[in-house]
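Quick notes on the structure that follows.
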Amino acid sequence: MIAFRRFLFAATAVILALVAGGLFAVVVTASGTSRLQVLQVSLLTICCVWLAWGFNTALSGIISASRERRRSVPVPSRMTMSRTAVLVPIYNEDADSVFARVAAMMEGLRSVGRLDNFDFYVLSDSTKAEHVEHEKRSTFTLLSELHVAGHLYYRNREKNTGRKAGNIADFVTKNGGAYEYMLVLDADSLMRPQTILEMVTRMDAERDLGLLQTQPLIIGRRTPFGRALQFSAALYSPIFSRGIASLQGREGPFWGHNAIIRVKAFADCCGMPSLPGKAPFGGHILSHDFVEAALLSRGGWRVRVDPDLEGSYEEAPSNLIEYAKRDRRWCQGNLQHGKLVLAPRFNLWSRISMITGIMAYAASPIWLMFIIVSLLDPIIAADPNYFPADSLFPVFPTPETGKALLLLFGIFLLLLLPKFLIAMASALTARRRAFGSPGQVLAGAFVELVMTSILAPVMMMFQSKAVAEILLRLDSGWPSTDRDDGKLPLSAAFKASWWMVIAGLILAVTTLAYSPELFLWMLPIAGPLLVSPVLISLTGDPDLGDAMRRAGLLSTPFEIDPEPVIRASESWRRRLEAISGRHAAGAVQNAVAPDKTGMAPSPA
């Protein structure tokens, strides 16, 4: 059954793309065929496969959600609970925020009487001395405040070999034998204690289940960009996850965090080799999660995402610059999978998952090439003219006009229909209460759509640049992520996007000079690029985001009514920040305190 469902899913995506490519071929070759037009048709067809794949995923999720029965979440008895290690990898992060989330989860597990079954490991790969010192101090603070000796451990690796994958492997090698499961988190992860318990229960119940993935939702963002991300995650991600789950079979996804893994299965199957050659295509595998899921499946273990597991959270970059920096690393990691797609004994669906991961980034430069080729076409071959001066819309020879309009309508349908259906269903069902009201759901969906549409050309350029750098053999490294909601100056935004301004200017001037009838059609792309520094700065402004929150825009259930673990995390963060502030003040006072001679002590 699952094989037929997957075949139908993939075949539908390919057929929709071929129909779109065929319609476009009829339109552009009405007066003859050139190599440039063949390239245009090919690029559009590839892009439409990707669009149709996403459309089918959303449609599958909508159908699955309508049929799904909500599972109960029983609290298991102490006797059925296996010992579980909760792993929190950290790399030059804000220690107060990380340890606040750890404290909230430990408190939550204690409140339901299950802390004895869990040990938390903060696995530091931090390389900056001030971060390591802060992490150690925060560990002692939690041990003292929570009295969790024997349940909270910290270690810092002097050499972060293998990065996060190596960090987890180091734990498995040295400590994994003591535990049945490991709950792998990120530094920004937070989970409801009842959800953690339910994950262990499901692992206990299915002995062939090697990995169980939740759908993490974004919380804690203030900027317009961050608020759009978390609103989109809250409204759309659960439906898309159900679409993924409907096709997963035994080869489900692993997104690297907020997932529980059977330690023995991981130790037996998931040794992570370095790829031959130098970075970016060789060396350590950055997107190790896809590969680990494939290795577990190859070893006979089931890998599964359960979208009904709620109470799983993460944070996200608060502005486009930080988002693009993280995206650059993911892009390099996903493109590395090109060397692994044909690895021996991988299951077919695991290979397809890797290909879709590659396409997530390859789609942007393909769209960019399509735009460039589409602009070159009327410049090189001026006839026929589909854009007469007295008409805003294209006029094609009959019957090409109808086919062109059908193609445009189809592409917009693939892009917008899933979001429209999900937003309307949320506004008209009981789900609307979590978001405030039907009006807030629809207003938020509209604002999110407008914002993502305006920022789409900027994101396309960031991802195209990332792919180009990787093809030029430039390594991204592993930069730490800044998740703070600080204000983003216009100067910083311009420094990151000045080249987009130039690209937008070239696009606008070229269109006006050689094909002015296309100018209004190119403006939605050239316009955002021309003002990209302003867009990046404004969408990274927490004050503007706070104003949107007061207006009820982009509100999420976790913002309107935060659950206890979120409130506890925020409370602990304030406590730890106060302790850190007192420590810093004391350090400054000691540094300038006079000695017996009345002189300030020497720095030595």
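Nothing in this text is a laboratory measurement; each read-out follows from the coordinates by a stated rule. Since we're looking at a predicted model, the values are computed, not measured. Counting neighbours? That spans all protein chains shown, and the Cβs are built from the backbone with ideal geometry, glycine included.
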Roughly what percent of Cα-Cα pairs across the stretch 278-329 reach past 17 Å?
64 percent
Which value in Å does the Kirkwood hydrodynamic radius of the stretch 481-571 take, with 1/r averaged over all unlike C-alpha pairs and then inverted?
16.0 Å
Expressed in whole Å with the largest first, what are the equivalent ellipsoid semi-axes of the stretch 311-363 derived from the C-alpha gyration tensor as the square root of 5 times each eigenvalue?
26, 14, 8
With bins of 5 Å, the percent of all Cα-Cα pairs of the stretch 242-348 per bin from 0 is 2, 10, 19, 21, 20, 17, 9, 3, 0
Could you give me the percent of Cα pairs per 10 Å distance bin for the stretch 424-551, shortest bin first, beginning at zero and ending with the bin that holds the maximum distance?
11, 28, 31, 21, 8, 0
If one computes the Cα centroid of the stretch 346-361 and of the stretch 419-464, what distance in Å separates the two points?
27 Å
Please give the Cα centre distance for the stretch 491-517 versus the stretch 1-45, rounded to the nearest Å.
30 Å
Ranking of Leu520, Leu142 by count of other Cβ atoms within 10 Å, fewest first
Leu520, Leu142
Given 10 Å bins starting at zero, what is the percent of C-alpha pairs of the stretch 186-320 in each, up to the one with the largest pair distance?
12, 37, 34, 16, 1
Descending principal axes extents, the stretch 126-272, alpha-carbon based, whole Å:
44, 44, 31
Under the Karplus relation with 6.51, -1.76 and 1.60 and θ = phi - 60°, whole-Hz ³J(HN,Hα) for the stretch 129-144, x at Gly and Pro, equal 4, 5, 5, 4, 4, 5, 5, 5, 5, 5, 4, 5, 5, 5, 4, 6
Integer Hz, Karplus 6.51/-1.76/1.60 couplings in order for the stretch 359-375, x for Gly and Pro:
5, 4, 10, 5, 4, 5, x, 5, 4, 4, 5, 4, 4, 5, 5, 5, 6
Taking the chain on its own, what percent of its Cα-Cα pair distances exceed 32 Å?
52 percent
Relative to the longest principal axis of the C-alpha atoms of the chain, give the angle of the C-alpha long axis of helix 2-28, reported between 0 and 90° and rounded to the nearest 10°.
40 degrees
Phi-based couplings in Hz for the stretch 158-175 (Karplus 6.51, -1.76, 1.60; Gly and Pro marked x)
6, 10, 8, 4, x, 6, 5, 4, x, 4, 5, 4, 4, 5, 4, 5, 8, 10
Can you quote the Å³ per residue value for the convex hull of the Cα atoms in the stretch 139-217, rounded to an integer?
145 Å³
Which ordering of Lys164, Lys465, Lys495 is given by a fewest-first count of other beta-carbon atoms within 10 Å?
Lys495, Lys465, Lys164
If you rank Val49, Val501 by fewest surrounding Cβ atoms within 10 Å, what's the result?
Val501, Val49
Angle check, please: helix 490-514 long axis (alpha carbons) against the longest principal axis of the chain (alpha carbons), in degrees 0 to 90, nearest 10.
10 degrees
All lysines inside 24 Å of Lys325 as judged from Cα atoms, apart from same-chain residues fewer than 8 positions distant:
Lys128, Lys159, Lys164, Lys278, Lys339, Lys465, Lys487, Lys495
